[in-house]
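Asks: First the structure, then my questions, so here it is.
The values are calculated or read from the model by the stated rules, or taken from the named source; none is laboratory data. What you see is a predicted model, and the numbers here were worked out from it, not measured in a lab. Every residue, glycine as well, gets a Cβ built from its backbone with ideal geometry; the counts of neighbours run over all protein chains shown. Side chains included, ligands, DNA and RNA excluded: accessible areas come from the protein's heavy atoms. Shrake-Rupley method; radii C 1.70, N 1.55, O 1.52, S 1.80 Å.
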Amino acid sequence: MKKKIRGVWVKTNQRKYRLTKLLWRTKKFAPMSFYAKSLSVSTRTITNDLDDLEEMFNEYDLKLQRRPSVGVFLTGKDADYERLLNSFPNVSQEKFERWAEILSLLIFYEETVTYERLADQLCASTSIIYKDMTDLRKYENTYCRIVSDANGTRMQGTEYGIQRFLRDLCSDYMQQHYPDFSLDSLANIMANYFDSSMVWKIKENLDSFWDEFKRPVQVCYLNSFFIFLVIFAARKVQGKQVNMPAGLFEHENINISSESKSRLAREFKDRLAKELDVQFTAEEIKYIDYHLFVHKIETGMENENLKNLICYDVEDLINKVSKSVGIPLVRDEQLYDALVEHLIPLLFRTRSGIGIRNPVLREVKSNYPVLFTLIWLHSTEFAKRWDMVLSEDEVSFIVLHFQVALERNSPKGRILIVCESGLVTSELVARKIKKNLPSNVEIKMTSLEELNDGEMENADFIISTIDLHGITKSYIKVSPIVSSDELKAVYDHYLKYSASEVVRFNQSKHQGMKFIPQIICSNLIYIKDDLKSKEESMDFLIDSLYRSNYVEADFKQDILERELLGATHLNSGVSLPHVVSGNVNESIFAILLVPEGIFWGGSLVYLVLMMAMKEEDKEQIIEDLPLLYEKVLDNQFVESLREITDPNELQKRLLT
């Protein structure tokens with residue numbers, strides 16, 4: 001009986017936790033039926049959960065707004081929302097604890113187990129154990145898998161594959177539960193699952209290494225390297241030895257294992273072996289060297305063969321992006337060097353399945369959606385040439401390099417600060433906001449009395465401490481002291497209204513799209529209310545393209561695989577699933593308007609623009625994309641489309 005009651009309690013708290021996150025992500029009024037459908041429960045259950053949660057929301061200064069026949073909307077500050085989430089019982093932690101127990105038996109004790117034994121040992125039902133094993137199988141790789149047969153369930157594979165399995169699971173767990181984790185917090189958590197004295201010896205050894213290391217390394221790479229080291233050391237102490245897959249170190253006769261030969265790297269490996277009281281084999285030393293390299297700790301950039309390996313791809317990518325954004329970057333040596341240093345480790349890293357999570361992925365996609373899409377499309381040739389798949393995290397790292405170069409090579413942004421009188425208050429405001437904006441932003445200050453049309457016309461946008469009446473220029477109002485929330489709002493406003501992404505890219509463009517209008521046809525534009533999920537919507541559009549002979553049957557796999565690499569939705573309520581594929585007979589758009597919205601990767605989406613692209617048409621489509629994005633990034637424009645009932649009218653609104 002206790003087990004049953006406990007299970008119901010956990011399930012209920014999981015649902016309320018998910019409901020709270022869904023409410024916050026939706027960012028607008030949505031009906032009870034939307035939340036019921038998303039969580040696979042009744043509207044009555046949602047109503048009851050909200051009644052229970054509302055008191056908790058109030059305690060954390062969050063407001064649940066209710067409108068009859070419209071729905072509910074959770075509002076408040078990000079910091080208060082984060083405090084609320086941290087107050088929930090850690091229902092997801094229980095699942096990971098079970099996983100840790102299961103893997104301890106399968107990997108460290110090398111046992112064959114039955115679901116019934118696991119259920120009894122872990123105080124869970126066999127259906128929960130079955131779900132756990134299904135989830136764990138997502139971390140299988142070419143060299144390691146979970147096998148179930150008449151004898152039971154066991155782990156089967158090479159030591160390399162087993163360590164890769166554990167590494168991917170640990171990385172995924174940390175990213176999901178502690179997205180901004182530091183090396184200290186990572187060590188604390190891993191000490192709960194591995195020998196704590198060993199974990200802290202490795203941490204101290206690394207700290208000593210970083211103190212002497214002169215070149216900065218991003219935290220996300222250090223954390224990934226630390227996860228590798230702990231797992232590698234734990235298995236080494238247990239007597240396990242890694243035998244590497246053939247050819248992992250080499251590419252086109254270049255052996256990168258010879259590139260990590262610095263004194264610090266040698267001392268680090270010697271200290272590590274001494275602390276663990278083990279002897280590393282020559283193969284294991286190469287393995288550590290390999291990880292130092294692919295985690296961008298030891299770059300080996302002094303080797304010209306490595307530079308020559310990828311120089312053509314870097315030059316080609318810079319040329320194509322320069323053309324797309326209308327800003328010459330081909331002579332930017334800083335950009336070229338940064339991309340060479342980044343892409344070579346990436347190339348070898350993807351070969352061994354080492355994924356690095358970008359902690360600012362969401363911000364990159366939100367702030368630079370056009371550049372993100374352009375670089376993803378331009379990178380397809382590079383990825384194809386090297387037979388690798390680029391995740392959205394890896395693409396976002398490349399985007400950051402280009403964004404820095406664009407800010408370096410772009411005209412200055414212009415911001416006008418208006419205060420009621422005098423410049424003292426303006427200077428206080430300017431001093432605060434300048435720290436949060438790019439260095440190439442030019443700030444001018446004025447009083448309300450001296451404000452004139454010429455100043456407003458020359459400004460990209462205006463910041464004011466008072467209400468401004470009778471002006472058409474967009475502005476944002478702040479208090480004279482400028483709070484942290486206002487600073488965030490200023491930065492978001494800058495990204496939206498300054499001559500940055502869409503506006504800057506379109507300054508060098510023609511007055512309208514040239515190629516995209518040719519591949520948007522009214523017979524592939526649909527307005528439907530009966531599609532209830534992302535999966536149903538994707539299947540509907542894919543089937544429509546296939547029935548019309550625009551794509552082959554295998555196109556479905558191509559675009560679904562692309563979608564798995566990263567969500568394609570924008571904050572404005574639009575999703576743009578896309579793929580460049582040999583299974584496309586003719587480049588085309590399939591368009592779906594869902595006035596009530598569907599849940600898509602954590603957000604409500606009303607408009608789906610599916611792009612099926614042939615390789616030879618890609619450049620022409622890319623040329624038009626900034627102009628298309630200018631429309632679909634506009635929240636008010638997207639909201640206005642929800643009233644349309646005629647596909648021809650939708651086509652007209654998108655193209656004019």
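Asks: Compute the angle between helix 196-212 and the longest alpha-carbon principal axis of the chain, please, reported from 0 to 90 degrees and rounded to the nearest 10.
Replies: For 196-212 against the chain, the angle is about 60 degrees.
Asks: Using the scaling law 2.2 N^0.38 Å as the reference, what is the normalised Cα Rg of the range 576-651? Could you put the intermediate results ahead of the total?
Replies: Numbers: Rg = 13.6 Å, N = 76, 2.2 N^0.38 = 11.4 Å.
It is 1.19.
Asks: Take the alpha carbon atoms of the range 110-150, find their radius of gyration, then divide it by 2.2 N^0.38 Å using N residues; give the quotient.
Replies: Details: Rg = 10.9 Å, N = 41, 2.2 N^0.38 = 9.0 Å.
Relative to the rule-of-thumb radius for its length, the range 110-150 sits at 1.21.
Asks: Still on this structure, please answer the following. What figure, in Å² to the nearest 10, do you get for the accessible area of V217 with a 1.4 Å probe and non-protein molecules left out?
Replies: Counting only protein heavy atoms, V217 exposes about 30 Å² to solvent.
Asks: Nothing charged except the Cβ atoms of Lys and Arg (+1) and of Asp and Glu (-1): what's the magnitude of the dipole of the range 332-375 about its Cα centre? Round to the nearest 20 debye.
Replies: Dipole size: approximately 420 debye.
Asks: To the nearest 20 debye, what is the magnitude of the charge dipole of the chain about its Cα centre, counting +1 on the Cβ of each Lys and Arg and -1 on the Cβ of each Asp and Glu?
Replies: Using only the charged Cβ atoms, the result is roughly 1200 debye.
Asks: Mind putting together the pair-distance distribution for the range 41-103? All Cα pairs, 10 Å bins, whole percent per bin, short to long.
Replies: 18, 37, 28, 14, 3
Asks: Say R0 is 56 Å: what FRET efficiency, to the nearest 0.05, do S410 and F88 get from their beta-carbon distance?
Replies: The calculated FRET efficiency here is 0.80.
Asks: Quick check: the angle from helix 534-547's long axis to the longest principal axis of the chain, C-alpha only, nearest 10 degrees?
Replies: Here the helix axis deviates by roughly 80 degrees.
Asks: May I pose another question? From the helices alone, meaning DSSP H stretches of at least four residues, give me the mean residue ellipticity at 222 nm for the chain, per-run term -39500 (n - 2.57), in deg cm²/dmol to the nearest 500.
Replies: Counting only the DSSP helices, I get -17500 deg cm²/dmol.
Asks: With respect to the cross-link table entries K323/K631; K27/K444; K240/K286, which display a Cα-Cα separation exceeding 27 Å?
Replies: The pairs that break the limit, which is 27 Å between Cα atoms, are K27/K444.
Asks: Straight-line reach from K473: which aspartates and glutamates fall under 15 Å, measuring Cα to Cα and dropping same-chain residues less than 8 apart?
Replies: Hits, sequence-local ones excluded: D453, E455, E457, D460.
Asks: List the equivalent ellipsoid semi-axes of the range 534-579 in whole Å, largest first, each obtained as the square root of 5λ for an eigenvalue λ of the Cα gyration tensor. Display every interim value, and only then the final one.
Replies: Details: eigenvalues 77, 29, 14 Å².
So the equivalent ellipsoid measures 20, 12, 8 Å along its semi-axes.
Asks: How compact is the range 498-646 by the rule of thumb for globular proteins, expressed as Cα Rg over 2.2 N^0.38 Å? Provide the component values of the computation, followed by the final result.
Replies: Working: Rg = 14.9 Å, N = 149, 2.2 N^0.38 = 14.7 Å.
Compared with the compact-globule rule of thumb, the range 498-646 sits at 1.01.
Asks: Taking only protein heavy atoms and a 1.4 Å probe, what accessible area per residue, in Å², does the chain have with all protein chains in place? Write down the numbers at each step before the final one.
Replies: Working: 31100 Å² over 656 residues.
Spelled out: the 1.4 Å probe surface of the chain, per residue, equals 47 Å².
Asks: Going down the list K434/K488; K532/K652; K384/K618, which pairs span over 19 Å between their C-alpha atoms?
Replies: Those over the limit are K532/K652.
Asks: Okay, next question. In µm²/s, what is D for the chain at 37 °C and 0.692 mPa s, where D = kT/(6 pi eta Rh) by Stokes-Einstein and Rh is the Kirkwood radius from Cα pairs?
Replies: Values: Rh = 28.0 Å.
Using the Kirkwood radius from Cα pairs, D works out to 117 µm²/s.
Asks: Placing +1 on the Cβ of each Lys and Arg and -1 on the Cβ of each Asp and Glu in the chain, which of S38, Q620, S484 has its Cα farthest towards the positive end of the resulting dipole?
Replies: Final value for the positive-end residue is S38.
Asks: Another question about this same structure. So for the chain, averaging the separation of alpha carbon pairs under 8 Å that are six or more residues apart and normalising by length, what relative contact order in percent results? Don't skip to the end; give the middle numbers.
Replies: On the way: 799 pairs, mean separation 53.6, N = 656.
Relative contact order for the chain comes out at 8 percent.
Asks: Within straight cross-link reach of K95, meaning Cα distance under 20 Å, which aspartates and glutamates are found once same-chain residues fewer than 8 apart are removed?
Replies: Candidates past the 8-residue exclusion: E116, D120, D132, D135, E140, D168, D172.
Asks: Quick check on the range 341-392: take the gyration tensor over C-alpha atoms, sort the square-rooted eigenvalues as a ≥ b ≥ c, and tell me if it's rounded (a/c under 1.5), prolate or oblate.
Replies: The shape class here is oblate.
Asks: If DNA, RNA and ligands are ignored and the probe is 1.4 Å, what is the ranking of T281, T568 by accessible area, most exposed first?
Replies: Heavy-atom accessible area, descending, gives T281, T568.
Asks: So for the chain, taking the charge dipole from beta-carbon charges (+1 Lys/Arg, -1 Asp/Glu), which of S522, V325, T47 sits furthest toward the positive end?
Replies: Positive-most Cα among the choices belongs to T47.
Asks: Another question, if that's okay. Roughly to the nearest percent, how much of the accessible area of the chain is carbon and sulfur, given a 1.4 Å probe?
Replies: Carbon and sulfur together cover 48 percent of it.
Asks: Could you tell me the accessible area of C419 in Å² (1.4 Å probe, neighbours in place), rounded to the nearest ten?
Replies: 0 Å²
Asks: Quick check: the angle from helix 43-59's long axis to the longest principal axis of the chain, C-alpha only, nearest 10 degrees?
Replies: 90 degrees
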